[in-house]
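**Q** Sharing a structure here in structure tokens format.
The values are calculated or read from the model by the stated rules, or taken from the named source; none is laboratory data. Computed from a prediction, not measured in an experiment: that's the story for all the values here. Cβ coordinates were reconstructed from backbone atoms using ideal geometry, including for glycine residues, and neighbour counts include every protein chain displayed.
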Ligand SMILES: Cc1cc2nc3c(=O)[nH]c(=O)nc-3n(C[C@H](O)[C@H](O)[C@H](O)COP(=O)(O)OP(=O)(O)OC[C@H]3O[C@@H](n4cnc5c(N)ncnc54)[C@H](O)[C@@H]3O)c2cc1C
């Protein structure tokens, strides 16, 4: 590319959290950016919507973990007055065990006192402290990795529902190394995952950070405030919504995008989900580079049912974050979030709001059913579990045909395809949940990584 290429803007495909985070860092470094997205609004899968008379619906992600880097961003964007920390009750998380909802213990003493786990499992967990450090040469399924450390009961009643809540996935099919890299690294460095956890807490304290898990937050109008604020902070003209890019071609004077004829870009950042990457036309017609195999990356379907009830119609105190369902309990729900407990202003007075997640890797067909089929299934379950004795007064269904990428045992091959495309096409940078982790903080960090790579190139 010519000597003036650094004066050209950088193109970013995707105005979700990953793309907007990359854009922010590049603008701070003094570069011009153009962010393209076919959607009419920024935010990608983050969709918060108000509905009279007082519902606030999150159809995609519901909550954001706030490690120090996210806290700093929230302050810098001027969102501090809009920030809503999760209610203290949200520390309480229920799981289903033998058909009954029980609070998951949240501290070591509570774990030892809890009747959720057997004495044998408690002993097994204590013994894990002495798990030897031994080199592990090969990746293995997350379920096998976790069972080796903590035994079958903790796998069935802690990891399995947790993985359902995060990935809507199956721990027997996820890669330990890719889906939980911090556990993998912890084992590599300490042998025992408990010792790794203690070391991480000590390191956090040494940095002056609280040792526990980061706070969980949202905003007055929901999570969408974060991408909206990121977009609003970009210079005018940086965001091109309602614009799909289908073809990217590198040339001697910069990259050419079919959606911006006559313009040239110094570099291109792809902050897109795997199916969109797979569809992209990349490279010159005589020497195409394909990301088509990324379409094989599994994303099980999920349906989110936002349900509003009159408070008197639900017996359960809803005093928690929600409920997760271990697969061994054979229920038809993946999880239920207690939205109106978690954050204020999610339901009208004297009402409560729940979000039921259906489908995932466990029951993909259920996610694909119409609401007329799903609602009676859900009502029956919620009547039994939460004492929801009358039907909801408000229902909003959102179907995600391909919700969350599953980092399975074949994930290395997908990473190699992306690395090979970047090598072949200098100035191309790919990142986001397809590569860098699926949670919102990971997307923000992916944006930082992509921006740094584009500045270095
Ligand atoms: C149902 C659900 C619940 C979740 N819950 C949580 C949660 O509670 N907490 C949490 O931390 N994480 C959660 N996640 C994960 C998290 O929301 C996502 O990983 C994250 O929002 C992805 O952001 P992104 O910018 O990388 O991608 P996306 O948000 O998918 O954005 C990609 C953008 O690319 C655009 N695009 C597509 N094709 C093109 C093209 N050809 N050219 C230009 N643009 C294009 C799309 O329109 C989209 O706006 C959830 C995800 C889902 C689906």
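**Q** Would you check which residues across region 18-38 are at positive phi and surrounded by 24 or more Cβ atoms within 10 Å (Cβ to Cβ) and list them?
**A** Within region 18-38, no residue meets the criteria.
**Q** Has region 72-79 got at least one residue that is in contact with a helix residue (DSSP H, G or I) (Cβ under 9 Å, 6 or more places away or on another chain) and farther than 21 Å from residue 442 by Cβ?
**A** Taking every residue of region 72-79 in turn, at least one turns out to be in contact with a helix residue (DSSP H, G or I) (Cβ under 9 Å, 6 or more places away or on another chain) and farther than 21 Å from residue 442 by Cβ.
**Q** Would you list the helices (runs of 4 or more DSSP H) that sit entirely within region 143-197 and hold 3 or more residues that are closer than 21 Å to residue 114 by Cα?
**A** Per the criteria, 160-167.
**Q** Next question. Scan (1) within 23 Å of residue 442 (Cβ to Cβ); (2) within 13 Å of the ligand (Cβ to nearest atom) for the single condition residue 25 breaks and write down its number.
**A** Of everything listed in (1) within 23 Å of residue 442 (Cβ to Cβ); (2) within 13 Å of the ligand (Cβ to nearest atom), residue 25 misses just condition (2).
**Q** Also, quick follow-up: Filter region 256-281 for residues that are in contact with a helix residue (DSSP H, G or I) (Cβ under 7 Å, 6 or more places away or on another chain) and touching a residue at least 40 places away in the same chain (Cβ under 8 Å); which is farthest from residue 448 (Cα to Cα)?
**A** Taking the candidates together, the pick is 275.
**Q** Oh, and also: So which residues in region 200-255 are without any contact (Cβ under 8 Å) to a residue 24 or more places away in the chain and either closer than 25 Å to residue 342 by Cβ or part of a helix (DSSP H, G or I) (or both), if there are any at all?
**A** Residues satisfying the conditions are 200, 201, 202, 203, 204, 205, 206, 210, 211, 212, 232.
**Q** Tell me which strands (runs of 3 or more DSSP E) are completely within region 267-335 and hold 1 or more residues being more than 23 Å from the chain's Cα centre (by Cα) and modelled with pLDDT under 95, or say none if there are none.
**A** Answer list for region 267-335: 281-284, 287-289.
**Q** Let me ask you something else. Any chance you could count how many residues in region 144-157 are under 21 Å from residue 323 (Cα atoms) and free of Cβ contacts under 8 Å to residues at least 60 places away in the same chain?
**A** Counting residues in region 144-157 that are under 21 Å from residue 323 (Cα atoms) and free of Cβ contacts under 8 Å to residues at least 60 places away in the same chain gives 4.
**Q** Any residue at all in region 426-435 that is within 16 Å of the ligand (Cβ to nearest atom), part of a loop (DSSP other than H, G, I, E, B) and without any contact (Cβ under 8 Å) to a residue 60 or more places away in the chain?
**A** Yes, because at least one residue in region 426-435 is within 16 Å of the ligand (Cβ to nearest atom), part of a loop (DSSP other than H, G, I, E, B) and without any contact (Cβ under 8 Å) to a residue 60 or more places away in the chain.
**Q** Identify, from the list 383, 361, 367, the residue that is surrounded by fewer than 17 Cβ atoms within 10 Å (Cβ to Cβ) and either at pLDDT 95 or above or more than 21 Å from the chain's Cα centre (by Cα) (or both).
**A** From the options 383, 361, 367, the qualifying one is 383.
Rundown of residues vs (1) exposed (fewer than 14 other Cβ atoms within 10 Å of the Cβ); (2) outside the structural domain of residue 278 (by TED's automatic domain parsing); (3) within 16 Å of the ligand (Cβ to nearest atom); (4) touching a residue at least 40 places away in the same chain (Cβ under 8 Å), yes/no style:
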site	(1), (2), (3), (4)
389	yes, yes, no, yes
394	no, yes, no, yes
416	yes, no, no, no
422	no, no, no, no
440	no, no, yes, yes
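**Q** Further, regarding this structure: Filter region 39-56 down to residues that are crowded, with 21+ Cβ neighbours inside 10 Å and near the ligand (Cβ under 9 Å from one of its atoms) and give me whichever is farthest from residue 20 (Cα to Cα).
**A** Here the answer is 46.
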